[in-house]
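Encoded as C-alpha cells, the structure appears first; notes follow it.
Just so you know, all these numbers are worked out from the coordinates, no wet-lab data involved. These numbers were taken from a predicted model, which means no experiment stands behind them. Every residue, glycine as well, gets a Cβ built from its backbone with ideal geometry; the counts of neighbours run over all protein chains shown.
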Amino acid sequence: MHLFATMLCDKEPNPFDGDRLPMKTLARLILLAAALLAGTARAEERVTLGWGRLFTNDALGDGEDRWNTGSYAVSKVTGLRWGGQLPDRPGEIWEYRFSATTIAPANLITPDPSDRLYAGALSLGVTTYFDLRGFDVSLGGGLTFIGPSTGLGQFQSAVHEILGLDMPTSVLDDQLPDQIHAFSTAEIARDLALGPAARLRPFVAAQAGTEDLLRVGADLIIGRYGKSDLLLRDAVTGHLVRGVSGDSAPQFSFLIGADHAQVFSSVFLPEGGAAVMTPQRDRIRAGYFWQGKSATAFCGLTWLSPEFDAQPEGQILGSFSLSFSF
C-alpha cells in the first residue's frame, strides 16, 4: 500500500516511476477512481460470472522468436448477475485481469544494436463494463511491473532449455530495468447489425501510462459470438475474448478485425534508446470460435506492423484458448 500511495503522490520521488508525460497522472487518477468504485460495490452479493483466457505466441504464427514473442492473459469477471446485456451504470460488472508479456530482440544471442531491448512485463488490472445510451463502454486501470524481478526472463530460459532452443542469456544481461507504471484504459464500441448472422463492431480506445495511445478500429463478427456474451479485448492482439457466456448452444463463429493506433510514448521503447518508436501501429486479425456441448475453443492470427524504425517487417502472432465445462 505504501508503494501504491507513493505512486499516486508526486511529493516524493519514486525510483520505480517512469513518468514522462502528464498522461501518466491521468492514468493514476483513473486507477484510483476505479479502486474507489470497486470498494463501494456490494461485494457480498457479487458472484463469478465467467472467465476469459488467451495464450499468444509467435511460434503459432510466423514461427519466429522475436519482438512481441509471447503473452498470456487470464480474466475473472464478477457481478451481481448477467442477463445477456450490460448494466446501465459502471461498477456492477468488474473484470480482474492478470497478464504476462515477453518482448525480445530478433536475435537472442547477438542482437542488433538498433533492435529493441528485452522486456518481461506482468500486469494487474481491473475494468468495469456498462452501457451508455446504446454504446458499450469499458473503463479500467492497473499496474505494470517490468524488469528482471518479474522472473519472465528466467522462465523463458527454462522453456528454451527444455526445448533445445537458443538461450536468451546475453539479452537478459541488457534488458529493461525494474520499474512500475500505472496505466488506464478506456473503450467505447457499438454493434451494428448487417443481417441476421453478421455484425460490425466499430470502436475507439485510449490508453495512458505504460503506453500512451489512441486507437480506432472495427471487428466483423459472423455468427452468434458475443451477441449475448461479455467480450473482453486482448491488449496485444486486439482479439475479442469471451469473458461471460450468454449462449450455451453449439455454435461456430468467424471474426475479422483491424485497427490503427497513434502512439505518443511507450516505456518499452524509451526515449533516447537505440530503438526509435514508430508513432503509428496497425493490427489485422482473424479468428474463429467453436462451442460444443461441453467445450469451447478459439483460434486466431494477428499481424502487427513494425513498432520501431529499425524493425524491418511486421510479425504474425497465433492465439489460442480452450475451455471445458463439466
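Computed quantities for the displayed model
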| read-out | value |
| --- | --- |
| Label point distance in nm, Cys299-Ile109, each placed 7 Å from Cα along Cα→Cβ | 3.2 |
| With at most 11 other Cβ atoms within 10 Å, longest stretch of the chain clear of loop GluC sites (Glu not before Pro) (DSSP) | 1-270 |
| For the range 185-200, Karplus couplings with θ = phi - 60° (6.51, -1.76, 1.60), whole Hz, Gly/Pro x | 9, 8, 8, 10, 9, 8, 7, 10, 5, 10, x, x, 10, 9, 9, 9 |
| The range 256-326, Rg to Rh (Cα coordinates; Rh as Kirkwood inverse mean 1/r) | 1.17 |
| Integer Hz, Karplus 6.51/-1.76/1.60 couplings in order for the range 104-121, x for Gly and Pro | 8, x, 5, 10, 7, 9, 10, x, 5, x, 8, 7, 6, 7, 5, 8, x, 9 |
| Debye-sum result for the chain in log10 I(q)/I(0), which assumes one identical scatterer on each alpha carbon, at q = 0.06, 0.08, 0.09, 0.11 Å⁻¹ | -0.21, -0.37, -0.47, -0.72 |
| Estimated FRET transfer efficiency when R0 is 41 angstrom, pair Tyr96-Asp166 (beta carbons, to 0.05) | 0.70 |
| FRET efficiency for Ile316 and Ser149, using Cβ-Cβ distance with R0 set to 30 Å, rounded to 0.05 | 0.45 |
| Ellipticity estimate at 222 nm from DSSP helix runs (n ≥ 4, -39,500 (n - 2.57)) divided over the chain, nearest 500 | -3500 deg cm²/dmol |
| Loop-located trypsin sites (Lys or Arg not before Pro) in the range 267-326 whose Cβ has at most 10 other Cβ within 10 Å (DSSP) | Lys293 |
| Neighbour-count order for Tyr72, Tyr118, fewest beta carbons within 10 angstrom listed first | Tyr72, Tyr118 |
| Among Val159, Val267, Val171: highest mean-square fluctuation, GNM of the chain, C-alpha pairs under 10 Å | Val159 |
| Point-to-point label distance, Ala249-Glu271, nm (Cα→Cβ direction, 7 Å offset) | 5.5 |
